[in-house]
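The structure under discussion appears below in the form of structure tokens.
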Amino acid sequence: MPPDPEHPRVGDEILLEIGPVAHGGHCVARWAGRVVFVRHALPGEQALVRLTDTRHDGFLRADAIRIDRADEARITPRCFHFGPGGCGGCDFQHATLQRQRELKAAVVAEQLRRLAGMDVPVTVEELPGTGDGFGWRTRVRWGLDAAGRIGPRATRSHDVVAVSSAAPCEIAAPGLSETAAALGVPPEVALERAQGATRGRDRGGVKLPEVNLVATGTAPLVLWKHDDVPTISEHAAGRDFRVRGDGFWQVHPAAADTLAGAVDDAVDGFLAPGGVAWDLYGGVGLFGAVLADRVGPSGTVVTVENDAPATALATENLDGLARIVGVTDRVEQLLEDADGPLGGTVDVIVLDPPRSGAGRVVCAAMTTRAPAAIVYVACDPAALARDTAILAEHGYSLDTLRAFDCFPQTHHVECVARFLPA
Ligand SMILES: C[S@@+](CC[C@H](N)C(=O)[O-])C[C@H]1O[C@@H](n2cnc3c(N)ncnc32)[C@H](O)[C@@H]1O
């Protein structure tokens, strides 16, 4: 029976012309007046798709299960787990790396057009050492399911995609999949898993334990929830940084260095020795180090981070480079305190918020401190575009934008944007 456009059902199969890429790792197609977000297709292709989600009024979700007219950049995905019904970690393994970067550039440009009303030419830059775009992810947080299997989650699901040496996660650094497949489960985690599964059934959802694996150059670090977390050393921007094993650090080996370089370029000409700079959402001080090098021992860097161990490490990592003021607080809260460390004026603000972005309160408050430049490092182009519009309302306009392919095979992209007083 052909699908009924009035009552579409999961599993219905439809032949579609695939339209442009959209934010989130899918393309947009249209069927019977509805929007269909299609995974595993490329713009301009013709594909048979299978509906995977029909719960929403405004749109449907689908997977391309047969390509009848292929884009010239389509390639055979390498990973066993990639494809309809498979892992949710990668979105674009079916396209060349060059096409992936073009898709990401289109998404960044489209978000800026739609949410900030700006036409900005965007190029996504390849990271040094990208190679074939596999084996780069040095940190993973994988789930443990009731059957004891470990791996990433399936698309829009809590189901674990079990990795093994025969079927590894192809973007994970060498050794992480093999380590995960051979892991014994500590007794307290096994207990938590059993309790979580029971409680989860009651609540209609299953919350299963997770494990962090970190590539260290020797044997991978394995961290369960109850483990003592060691501090490890990472290198970027010409120096070493101490970071907790489960703390935030860029997951691509070249990303921290590349982004630090981009931030350094962006502050060039706006920050002099003796100046004052803020590193908001500072982690262990990666961008704080760039700022400290610019202002020198007579200058000041305030680094703000809501995770106390990270602030402590940032203060240690930046020791001696400048006058360092490390504060553990929520950025939005600290900006409200007129007498606090973010109360006065500042030459340059660098911010690197989580995916949700800075938001209205933080954007508005930053502009009242009259910085010569605001440099915004963003992992979500939609949040960046929304905040670009807010900053413009408050007198700061987008001056330069660079984008980097820090997460090959996925839809994720990192941007470094500079805003100047209009
Ligand atoms: C994307 S990471 C950036 C870390 C650092 N800039 C780096 O590149 O290594 C965002 C950081 O912001 C912190 N964070 C999240 N929400 C925050 C908030 N409301 N206030 C302060 N820090 C926050 C997180 O703990 C995390 O370390």
- Item | Environment charge of A70, counting only residues whose C-beta is closer than 14 Å and scoring Lys/Arg +1, Asp/Glu -1 | -1
- Message: Taking the Cα centroid of the stretch 217-277 and of the stretch 77-138, what is the distance between the two, rounded to the nearest whole Å?
- Response: 23 Å
- Item | Surface accessible to a 1.4 Å probe, T368 within the full protein complex, Å² | 100 Å²
- Message: Given a 1.4 angstrom probe, what's the average accessible area per residue across the stretch 338-386, in square angstrom?
- Response: 32 Å²
- Which residue, A215, A378, A166, has the most motion in a Gaussian network model of the chain that connects Cα atoms within less than 10 Å? A166
- Task: Using packing as a proxy for protection, rank 340-349, 227-236, 411-420, 286-295 so that the peptide with the highest average count of other Cβ atoms within 10 Å comes first.
- Result: 286-295, 411-420, 340-349, 227-236
- Message: Please state the shape class of the stretch 231-421: rounded when a/c is under 1.5, otherwise prolate if a/b exceeds b/c and oblate if not, all from the C-alpha gyration tensor.
- Response: rounded
- Item | Accessible area of E393 in the full protein assembly, 1.4 Å probe (Å², nearest 10) | 120 Å²
- Item | Carbon and sulfur %, accessible surface of the stretch 231-421 computed with the full protein complex present, 1.4 Å | 50 percent
- Compute the accessible area per residue over the stretch 1-71, keeping the other protein chains in place, probe 1.4 Å, unit Å². 51 Å²
- Message: With the cut-off at 1.5 for a/c, could you classify the stretch 88-242 from its C-alpha gyration tensor as rounded, prolate or oblate?
- Response: prolate
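Counting only protein heavy atoms and using a 1.4 Å probe, what share of the accessible area of the stretch 1-71 belongs to carbon plus sulfur, as a whole percent?
51 percent
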- Note on the structure: With label points set 7 Å from each Cα along the Cα-to-Cβ direction at R66 and A190, the distance between them in nm comes to 4.7 nm
- Task: Between beta-carbons, use under 14 Å as the cut-off and find the net charge around T155, counting Lys and Arg +1, Asp and Glu -1.
- Result: +1
- Note on the structure: The FRET efficiency for V35 and T368, from their Cβ-Cβ distance with R0 = 41 Å and rounded to 0.05, is 0.55
- For Y396, Y281, the accessible-area ranking with a 1.4 Å probe, largest leading, is Y281, Y396
- Could you order R323, R61, R156, R66 by accessible surface area, starting with the largest, using a probe radius of 1.4 Å? R156, R323, R66, R61
- Item | R355 versus A167: modelled label distance in nm, points set 7 Å from Cα along the beta carbon direction | 2.5 nm
- Message: Please compute the modelled spin-label separation between T400 and H235, points set 7 Å along Cα→Cβ, answer in nm with one decimal.
- Response: 2.7 nm
- Item | Stretchable slack from V325 to N306, in nm (0.36 nm times residue separation minus alpha-carbon distance) | 5.4 nm
- Item | In Å², nearest 10: area of M118 left accessible to a 1.4 Å probe | 60 Å²
- Taking r as the C-beta separation of R114 and A182 and R0 as 60 Å, the FRET efficiency to the nearest 0.05 is 0.80
- Along its principal axes, what span do the Cα atoms of the chain show, with the longest given first and each in whole Å? 74, 53, 43
- Query: Of R34, R113, which has the most accessible area with a 1.4 Å probe, and how do the rest follow in descending order?
  - Reply: R113, R34
- Message: Restricting to DSSP H runs of at least four residues, report the calculated mean residue ellipticity at 222 nm for the chain, -39500 (n - 2.57) per run over all residues, nearest 500 deg cm²/dmol.
- Response: -7500 deg cm²/dmol
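The values are calculated or read from the model by the stated rules, or taken from the named source; none is laboratory data. The structure displayed is predicted, hence computed values, not measured ones. Reconstructed Cβ throughout: ideal geometry from the backbone, glycine too, with neighbour counts over all protein chains shown. Keep in mind that these areas ignore ligands, DNA and RNA; they rest on the heavy atoms of the full protein, side chains included. Shrake-Rupley method; radii C 1.70, N 1.55, O 1.52, S 1.80 Å.
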